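Below is one structure, written out as structure tokens, with a few remarks after it.
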Amino acid sequence: ELRFDPLRWVPFVTEVRLIHPVLRARVTAEGKVTLGSLQAWLASLRQAQGKSSFVSDDLVVSLTGLRALLATPAGAAEVDGDVRLVKNLPASADLTVQPASLTWNGLTTRVKAGRLSYQSSGKVSAHVAVDAQGNGFDIRGLEADLKADGLRWSSEPKLSVSLSSKDLVWSAEAANGIRG
């Protein structure tokens, strides 16, 4: 869906809304994200000269019912949910990580559940439930909850994230081989 400014005579896009989009991405060991066939199109947008007279500088992009399929060095992962971007920065997100088994550098993690919520007010909460084994330790039933406030995004001059307060609570059913 495209939403236009109703007060202009010339079409002027203020919001792009994608419903049930499927996003396929590859994440490298260095953390670089590529978006397959979309990558060339995104690169062409960066090379475009000047501002479009048909698209708002404050463009809103909404991904409703998103299904993100991620190929990582640790294995495949799926993240589902809703995301809203304003000026290419997150304004809100409600994401769920689907169960997965991930292995990286001798660490094997079985993700049982994961959820992330973010609001433009700066409130963020995350929950994860995993089992993890590797390098002489074994943790079963690890659950962690993070609640934070004051999360701010900025893209000038480069992407930065700040957080003013946080609260992390975690528990595990069993933990073997962990030394303090």
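Listed values, structure above:
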{"item": "Accessible area per residue in Å² at 1.4 Å probe, computed on region 1-144", "result": "63"}
{"item": "At R0 = 35 Å, FRET efficiency that the Cβ-Cβ distance of Lys112 and Glu30 yields, to 0.05", "result": "0.80"}
{"item": "From phi via Karplus (6.51, -1.76, 1.60), per-residue ³J(HN,Hα) for region 119-133 in Hz, x at Gly/Pro", "result": "10, 4, 5, x, 7, 9, 9, 9, 9, 9, 10, 9, 10, 9, 9"}
{"item": "Entries of Lys112/Lys147; Lys51/Lys166; Lys51/Lys123; Lys87/Lys112 with Cα pairs more than 27 Å apart", "result": "Lys51/Lys166; Lys51/Lys123; Lys87/Lys112"}
{"item": "Ranked order, Glu15, Glu173, Glu78, Glu143 - accessible area, probe 1.4 Å, largest first", "result": "Glu173, Glu143, Glu78, Glu15"}
{"item": "Spatial separation of Cα centroids for region 117-143 and region 46-105, in angstrom", "result": "20"}
{"item": "In order through region 85-90: 3J(HN,Hα) via Karplus (6.51 cos²θ - 1.76 cosθ + 1.60), integer Hz, x for Gly, Pro", "result": "10, 10, 6, 6, 10, x"}
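The values are calculated or read from the model by the stated rules, or taken from the named source; none is laboratory data. Just so we're clear, the structure is a prediction, and the values are computed from it rather than from any experiment. Every residue, glycine as well, gets a Cβ built from its backbone with ideal geometry; the counts of neighbours run over all protein chains shown. Just so you know, the surface numbers come from the protein's heavy atoms only, side chains and all, with ligands and any DNA or RNA stripped out. Shrake-Rupley method; radii C 1.70, N 1.55, O 1.52, S 1.80 Å.
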